[in-house]
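*Asks:* Supplied in structure tokens, the structure appears directly below.
The numbers here are math on the coordinates, done by the rules we state, and not lab data. Small disclaimer: the values here were computed from a predicted structure and weren't measured. Methodologically, a virtual Cβ is constructed for each residue, glycine included, from the backbone with ideal geometry; neighbour enumeration extends over all protein chains shown.
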Amino acid sequence: MNSKTILITGCSSGIGLDTARRFKSLGWTVFASCRGQEDCDARAAEGFSAPQLDYQDAASIARCAADVLRQTNGRLDALFHNGAYALPGPLEDIPADGMRAQFEANFLGWHDLNRHLIPAMRAQGGGRILFNSSVLGLVGMKYRGAYVATKFALEGYADVLRMEMAETGIDVVLIEPGPIETDFRKNAIKQFDQWVDWQSSPRRAQYESTLLDMLKKGSSSKAQWPASAVTEAVEKALTAKRPKARYRVTTPTHAMAIARRLLPTRMLDWVLSKG
């Protein structure tokens, strides 16, 4: 296999699919993994190798890693962790099992996949591991606490991994998007309906008056960037001779990074509470 190789997770739609198509057009051998088999079949119909991977299923993680390395004779140039979802709602209404599922999908499964693939990158003398983080890995916002917790964890994890891999030739990069046009909210609604018993919440009146609409509909007035904006950052991170530690995508992400540095905590809370 002479072309460069990359495994991208979460390729059913949105950022993962856009990135997979871009790198395929650039001549890379792309492994476009998806959580559901139907989505894997759709990617295979496009000409991708599409191993099934569910971050909440350790067996599928092991199978995916083994399949990729078998097809590449044990080599992998890049890994882009992208598959994730949000469980919205006030933290007091998020059951512990829901929080565990959120961490399995957005954090622990990513670590598990790294453990399968880092040995191959070590053996070949280098590689790149990219993590799709979020503006919510920089600042927290109300009713997104479970997702925020996973992204804050990911930011710290990536910083440490970057330092630990410094002598191996493996570069570790955080991609930090803001509002992107994807199916993210639609998937989050499914998680909310599965896990949050809002009718038994002390906030029931708040849910009925405003919170349900806010969580499920959002604001149509807020600007969103196309998935290709993230793909462009991924391309920069994978083609730069020495990649940055972080690539921030969208104006809100840059603004929040500055606000976090400059504003007192209480003032930042006030700004973030305004949405």
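*Asks:* Starting with the fewest neighbours, write out THR265, THR239, THR29, THR150 ranked by other beta-carbon atoms found within 10 Å of each beta-carbon.
*Replies:* Ascending number of Cβ neighbours within 10 Å: THR265, THR239, THR29, THR150.
*Asks:* Whole-Hz Karplus ³J(HN,Hα) for segment 80-97, in order, using 6.51 cos²θ - 1.76 cosθ + 1.60 and θ = phi - 60°, x for Gly and Pro?
*Replies:* 3J(HN,Hα) across segment 80-97, in whole Hz: 10, 6, 9, x, 6, 8, 10, 10, x, x, x, 4, 5, 9, 8, x, 4, 5.
*Asks:* Okay, helix-only estimate at 222 nm for the chain: each DSSP H run of n ≥ 4 adds -39500 (n - 2.57), divide by all residues, round to 500 deg cm²/dmol; what do you get?
*Replies:* -15000 deg cm²/dmol
*Asks:* Expected output is a single nm value to one decimal: the length gained when fully extending between GLU38 and LEU262, i.e. 0.36 nm times separation in residues minus the C-alpha distance. What is it?
*Replies:* Full extension from GLU38 to LEU262 adds 76.0 nm.
*Asks:* What is the sum of charges, Lys and Arg at +1 and Asp and Glu at -1, for the other residues whose Cβ falls under 12 Å from the Cβ of LYS216?
*Replies:* Every neighbour counted, the sum reads +2.
*Asks:* Explain nothing, just compute: Karplus ³J(HN,Hα) = 6.51 cos²θ - 1.76 cosθ + 1.60, θ = phi - 60°, for every residue of segment 146-159 in order, whole Hz, x for Gly and Pro.
*Replies:* Karplus values, whole Hz, x for Gly and Pro: 5, 5, 4, 4, 5, 6, 4, 4, 5, 4, x, 4, 5, 4.
*Asks:* Sticking with this structure for a sec: State the number of lysine pairs found in segment 5-273 whose Cα atoms come within less than 24 Å, restricting to pairs 8 or more positions apart or on distinct chains.
*Replies:* 23
*Asks:* Next up: Counting only residues 5 or more places away or on other chains, whose amide H sits under 5 Å from the amide H of LYS4 once H atoms are built in the peptide plane?
*Replies:* Here the answer is THR29, since their amide H atoms fall under 5 Å of that of LYS4.
*Asks:* If you take the C-alpha gyration tensor of the chain, multiply each eigenvalue by 5 and take the square root, what semi-axes do you get, largest first, in whole Å?
*Replies:* 32, 21, 17
*Asks:* Let me ask you something else. Given ALA255, PHE184, ALA120, which one lies farthest toward the positive end of the charge dipole of the chain, if we put +1 on the Cβ of every Lys and Arg and -1 on the Cβ of every Asp and Glu?
*Replies:* Looking along the dipole axis, the top candidate is ALA255.
*Asks:* Now for a separate question. Taking each pair of different alpha-carbon atoms in segment 192-263 once, compute 1/r for the pair, average those values, and report the inverse of that mean as the Kirkwood hydrodynamic radius in Å to one decimal.
*Replies:* About 16.0 Å for segment 192-263.
*Asks:* If you average the C-alpha positions of segment 232-261 and of segment 194-211 separately, how far apart do those two centres end up, in angstrom?
*Replies:* 36 Å
*Asks:* A follow-up question, please. Could you work out the local net charge near TRP195, counting Lys and Arg as +1, Asp and Glu as -1, over the other residues with Cβ closer than 9 Å to its Cβ?
*Replies:* -4
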